[in-house]
Ligand code: F3S
């Protein structure tokens with residue numbers, strides 16, 4: 001791999017052992033991928049204390065030891081300095097406030113807080129959300145990033161036009177320390193053109209429509225780059241957040257184009273880089289219905305857990321949920337968890353949305369989600385969610401049955417205890 005003088009000096013240990021180990025990891029990783037060089041990044045979103053085991057390790061072996069092992073893949077324990085690149089923490093395993101509801105112990109939350117102090121002192125910003133782009137980390141078009149989390153990566157590449165592959169714990173740790181990441185995959189313009197054309201033959205308008213379309217496309221194109229021939233209605237952040245999360249769940253889609261909407265596709269021709277689509281795929285009413293049916297893994301209409309906020313809710317979604325719950329009470333047999341980034345929760349608190357939700361019997365959670373934490377209320381059998389991604393993962397992870405529908409259908413189920421959603 002071609003390294004600059006500065007990168008070579010980091011590798012040789014002239015800037016400390018931590019950067020030497022980080023560079024060693026990046027060179028091994030980059031060479032395995034066939035990358036010829038590294039690229040500078042000043043935007044890293046990773047997982048530094050995302051899982052319970054890593055928090056436990058922190059106390060047992062010391063913080064530097066854990067970072068060395070889990071974020072640098074290094075047997076040598078190095079003293080970890082301040083991050084060189086702007087770095088943030090994605091979602092974590094425990095809600096710092098609602099940890100008791102998640103069944104976490106006092107000891108565990110204490111460890112998480114200790115880990116956060118350590119990471120914070122090194123400049124890792126505790127956004128604690130899978131949607132850093134909703135709380136201030138909004139890279140600009142063309143900016144090279146090193147992000148984890150498939151729903152964030154697809155948003156970063158497609159909607160923002162910034163450039164990242166789906167990174168891991170180790171590569172984001174190394175990128176944070178060095179400000180470098182291998183130059184391959186979606187960092188390279190040539191790899192960002194569309195492969196499949198998606199023709200829409202039905203209206204795609206609300207959030208549920210976009211989730212269904214994304215889920216269909218993921219199965220259809222797997223890890224290729226779909227291009228919507230046209231949007232039937234202008235999408236917004238919320239709809240594209242759900243669309244991308246769904247496409248990245250059913251397939252491995254990391255980038256898409258919508259001509260006239262996403263920044264690298266002013267026209268259909270631009271989206272394909274002047275080439276012909278490899279395949280044309282039609283999405284009509286029949287495909288929508290089949291996708292909807294695929295997402296329903298439950299048959300019992302009696303629900304006991306409603307999960308909203310995957311990916312984490314925006315403030316507009318929090319307002320809608322509060323509006324739908326005003327002067328209503330959640331069924332005694334049902335638990336409702338609403339997930340939003342902590343920074344947005346502050347605004348929702350100030351606006352009174354959290355009070356409405358909690359007064360109705362719901363819980364507003366931050367920092368985490370059931371799929372990542374693998375913590376649900378005890379005894380849950382049947383869930384309902386407005387997220388195709390959560391409907392895809394939670395039944396497999398938590399051995400529950402799931403209904404997928406609109407926010408309104410989910411709130412009605414929370415109040416009545418019965419699922420009455422329909423396509
Ligand atoms: Fe975020 Fe968890 Fe969904 S990480 S995208 S809320 S599965």
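Points to keep in mind about this one:
- The residue pairs whose first member lies in the stretch 68-97 and is free of Cβ contacts under 8 Å to residues at least 60 places away in the same chain, whose second member is outside any loop (DSSP other than H, G, I, E, B) and within 16 Å of the ligand (Cβ to nearest atom), and whose beta carbons are closer than 7 Å, counting only pairs six or more residues apart or on different chains, are 88/45; 88/132.
- Residues satisfying the stated conditions in the stretch 3-41, i.e. assigned to a helix (DSSP H, G or I), in contact (Cβ under 8 Å) with a residue 60 or more places away in the chain, surrounded by fewer than 21 Cβ atoms within 10 Å (Cβ to Cβ) and more than 26 Å from the chain's Cα centre (by Cα): 17
- Tally, over the stretch 128-148, of residues that are outside any helix (DSSP H, G or I), closer than 16 Å to residue 237 by Cβ and within 16 Å of the ligand (Cβ to nearest atom): 5
Yes or no, residue by residue, for (1) closer than 20 Å to residue 248 by Cβ; (2) outside the structural domain of residue 81 (by TED's automatic domain parsing); (3) crowded, with 24+ Cβ neighbours inside 10 Å:
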site: 120; (1), (2), (3): no, no, no
site: 125; (1), (2), (3): no, no, no
site: 130; (1), (2), (3): yes, no, yes
site: 155; (1), (2), (3): yes, no, yes
site: 160; (1), (2), (3): yes, no, no
site: 170; (1), (2), (3): no, no, no
site: 174; (1), (2), (3): no, no, yes
site: 180; (1), (2), (3): no, no, yes
site: 185; (1), (2), (3): yes, no, no
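- Spans of helices (runs of 4 or more DSSP H) in the stretch 256-332 with at least 3 residues assigned by TED's automatic domain parsing to the domain that holds residue 232: 268-271, 285-295
- Residue pairs meeting the criteria (Cβ under 6 Å; at least 6 apart or on separate chains; first over 14 Å from residue 211 (Cβ atoms), in the stretch 221-242; second modelled with pLDDT of 95 or more and assigned to a helix (DSSP H, G or I)): 226/217; 227/271
- Failed item, numbered, when residue 118 is tested on (1) in a helix (DSSP H, G or I); (2) more than 23 Å from residue 369 (Cβ to Cβ); (3) without any contact (Cβ under 8 Å) to a residue 40 or more places away in the chain: (3)
- All positions within the stretch 325-361 that are buried (at least 21 other Cβ atoms within 10 Å of the Cβ) and within 16 Å of the ligand (Cβ to nearest atom): 336, 337, 338, 339, 340, 341, 344, 345
- Between 199, 190, the distinction of being touching a strand residue (DSSP E or B) at 6+ places or on another chain (Cβ under 7 Å) and away from the ligand (no atom under 16 Å from the Cβ) belongs to 199 only.
The values are calculated or read from the model by the stated rules, or taken from the named source; none is laboratory data. A quick note: this is a predicted structure, and the numbers were derived from the prediction, not measured. We place every Cβ from the backbone using ideal geometry, glycine too, and count neighbours over all the protein chains shown.
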